[in-house]
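A quick write-up on the structure given underneath.
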Amino acid sequence: MRKLAQLLQQGEVSSTEIVQNYLDRIAQEEGRINAFITVDKEGALAEAAASDARRKQGEPLSPWDGIPIAVKDNICTLGVRTTCGSRMLENYVPPFDAAVVTLLKRAGLPILGKTNLDEFAMGSSTEYSAFKAVRNPHDESRVPGGSSGGSAAAVAVGEAPWALGTDTGGSIRQPAAFCGVVGLKPTYGRVSRYGLVALAPSLDQIGPIARNVGDAAVLFSLIAGPDSRDATSSSQASFRLQLEDEPFPKGLKIGVPEEYFGEGLSSEVRQAVENALSQLEALGAVLVPISLETNVYAIDTYLTIAAAEASSSLARYDGVRYGMRVEAHDTNTMFEKTRGRGFGSEVKRRIMLGTYVLSASHYEAYYEQAQRVRTLINQEVQRAFEEVDLVITPTTPTTAFRIGEKRNSLEMYLSDLYTAMANLTGIPALSMPCGLDSQGLPIGLQIMGSHFQENVVFQVAYWLENALKGGSLSNG
């Protein structure tokens, strides 16, 4: 990204040329990848022309002015439809921009379009989009991960230099791992959720997806910041980009939880992650065996809370205020038919589960108990970060699975086995590539830090990225 920015600054290339190049790439690849739901060709070129005019006057909005981006289709964009991958919102055009989109525009980034996702971000494979399944660029017979599969696939195949995704239980990190790119779930509250179509508000976060650690850090620096319109936004939200070509700090303590290296983990994933840990150890890190016993409860806790919050969040789609409406002779029938036709099977499944756990007769046994367990998980994670600086694990137990392979819902939910804990506790977590398996599929490594420690997460990821490449330090 720094090279593109330099070329723009020197006038060797225009934003219009860059945007057109990516639009041509989209036209070339979309027939096989399906990463986009909406491509805004006219809007992107108009924004590129405006960027070129600013640079001619010597008034770029930022060093990245004119470099385009893709945005996940559950983030509101003024005048460009936001479908959430659902028939319910197939023709919904927001009258406002999400906070992150406003920040992108203030930095001068043209928006190429809206990327595909599992319907309302409920899924781990991007097979549950109401429009089309996304395919993994490394092997079209396999999934790209989900729910931000469109964003990850678009970046991996070169349809966009970087993209925004959202992460509720692993939906940035798991696709990043499957597609061989870098993705960050920020600290809860560090990026405004204003304009993000809610799935589970206490878990949802918007974050960057890019081809390397340096680019992900730049994008994160553009979108992080406090926002009075988001009640959960933190005053500590601003982020200053700091990636240094300095010696690795000797004695940095990295926690390696035994629970993430047990049954169910692919031997090839284990070997790649252990090799990366050895690289960090050679740089001067101290590997500290730790235990995160409560992770065994993370998936059940996450699914209970996420389903409950989704049931509440999706109650607004009633055929009255916006979105799809199926006419009927009375209100109740209209409501029933609209939701029956507008929602897909996975969304209906989670709404029913959420409504069940919130019912008066089951609230204490399920939802309230899940909140208690969430507290225990959070306490254990906080204790871990009193002993270590970072925690490193595999991002996923396996590499990308085949399309249609996990038709059983429970098997699909287990794709978030290693990622849900970060959402439940609100800590930052980054996935980065650390190798390929015997079939040439990317393997992802996850770096988790304490709250608001994205700078440490990015810095160690940057050092590791360079160590794995075996090259000299540079930041993109």
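Condition first: in contact with a His (Cβ under 7 Å, 6 or more places away or on another chain), free of Cβ contacts under 8 Å to residues at least 60 places away in the same chain and either outside the structural domain of residue 86 (by TED's automatic domain parsing) or buried (at least 20 other Cβ atoms within 10 Å of the Cβ) (or both). Can you find one or more residues in region 325-343 that meet it? No, every residue in region 325-343 fails to be in contact with a His (Cβ under 7 Å, 6 or more places away or on another chain), free of Cβ contacts under 8 Å to residues at least 60 places away in the same chain and either outside the structural domain of residue 86 (by TED's automatic domain parsing) or buried (at least 20 other Cβ atoms within 10 Å of the Cβ) (or both).
Quick check: anything in region 322-340 among the β-branched types (Val, Ile, Thr) and at pLDDT below 95? Within region 322-340, one or more residues are among the β-branched types (Val, Ile, Thr) and at pLDDT below 95. Checked against (1) surrounded by 19 or more Cβ atoms within 10 Å (Cβ to Cβ); (2) in a helix (DSSP H, G or I); (3) among the hydrophobic types (A, V, I, L, M, F, W, C), residue 282 meets all criteria but (1). In region 230-272, the qualifying residues are those that are farther than 13 Å from residue 393 by Cβ and of a type in the set (Asp, Glu), and the one that is farthest from the chain's Cα centre (by Cα) is 246.
Take the residues in region 160-218 that are touching an Asp or Glu at 6+ places or on another chain (Cβ under 6 Å) and either without any contact (Cβ under 8 Å) to a residue 40 or more places away in the chain or charged (D, E, K, R) (or both); name whichever of them is surrounded by the most Cβ atoms within 10 Å (Cβ to Cβ). My answer is 185. Of 61, 45, which residue is modelled with pLDDT of 95 or more, in contact with a Lys or Arg (Cβ under 7 Å, 6 or more places away or on another chain) and either more than 26 Å from residue 179 (Cβ to Cβ) or not assigned by TED's automatic domain parsing to the domain that holds residue 84 (or both)? None of the others qualify; the one that does is 61. The single residue among 66, 149, 165 that is over 21 Å from residue 221 (Cα atoms) and modelled with pLDDT of 95 or more turns out to be 149. Just so you know, in region 114-156 the residues that are outside any loop (DSSP other than H, G, I, E, B) and small (Gly, Ala, Ser) include one that is surrounded by the fewest Cβ atoms within 10 Å (Cβ to Cβ), and it is 156. Hey, does region 401-415 have a residue that's within 22 Å of residue 164 (Cα to Cα), crowded, with 18+ Cβ neighbours inside 10 Å and within 17 Å of the chain's Cα centre (by Cα)? Among the residues of region 401-415, at least one is within 22 Å of residue 164 (Cα to Cα), crowded, with 18+ Cβ neighbours inside 10 Å and within 17 Å of the chain's Cα centre (by Cα), which makes the answer yes.
Scanning region 16-38 turns up at least one residue that is farther than 19 Å from residue 162 by Cα and part of a helix (DSSP H, G or I).
In region 72-113, of all residues being among the hydroxyl-bearing types (Ser, Thr, Tyr) and either part of a helix (DSSP H, G or I) or without any contact (Cβ under 8 Å) to a residue 40 or more places away in the chain (or both), the one that is surrounded by the fewest Cβ atoms within 10 Å (Cβ to Cβ) corresponds to 102.
Across region 12-29, the qualifying residues are those that are crowded, with 18+ Cβ neighbours inside 10 Å and not aromatic (Phe, Trp, Tyr), and the one among them that is farthest from residue 129 (Cα to Cα) is 14. Residue 176 satisfies every condition listed in (1) part of a loop (DSSP other than H, G, I, E, B); (2) under 25 Å from residue 270 (Cα atoms) except (1).
So that you can scan it fast, the table gives a plain yes or no per residue for (1) at pLDDT below 95; (2) among the acidic types (Asp, Glu):
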residue	(1), (2)
222	no, no
250	yes, no
256	no, no
263	yes, yes
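All told, residue 40 falls short of being under 19 Å from residue 11 (Cβ atoms), surrounded by 20 or more Cβ atoms within 10 Å (Cβ to Cβ) and either acidic (Asp, Glu) or at pLDDT below 95 (or both). Residues that are of a type in the set (Lys, Arg) and surrounded by 13 or more Cβ atoms within 10 Å (Cβ to Cβ) within region 239-279 comprise 253, 270, listed in sequence order. Residues in region 363-411 that are aliphatic (A, V, I, L, M) and under 22 Å from residue 202 (Cβ atoms): 365, 370, 373, 376, 377, 381, 384, 391.
The values are calculated or read from the model by the stated rules, or taken from the named source; none is laboratory data. Keep in mind it's a predicted model, so treat the numbers as computed, not measured. As a convention, Cβ positions derive from the backbone with ideal geometry for all residues, glycine included, and neighbour counts pool all protein chains shown.
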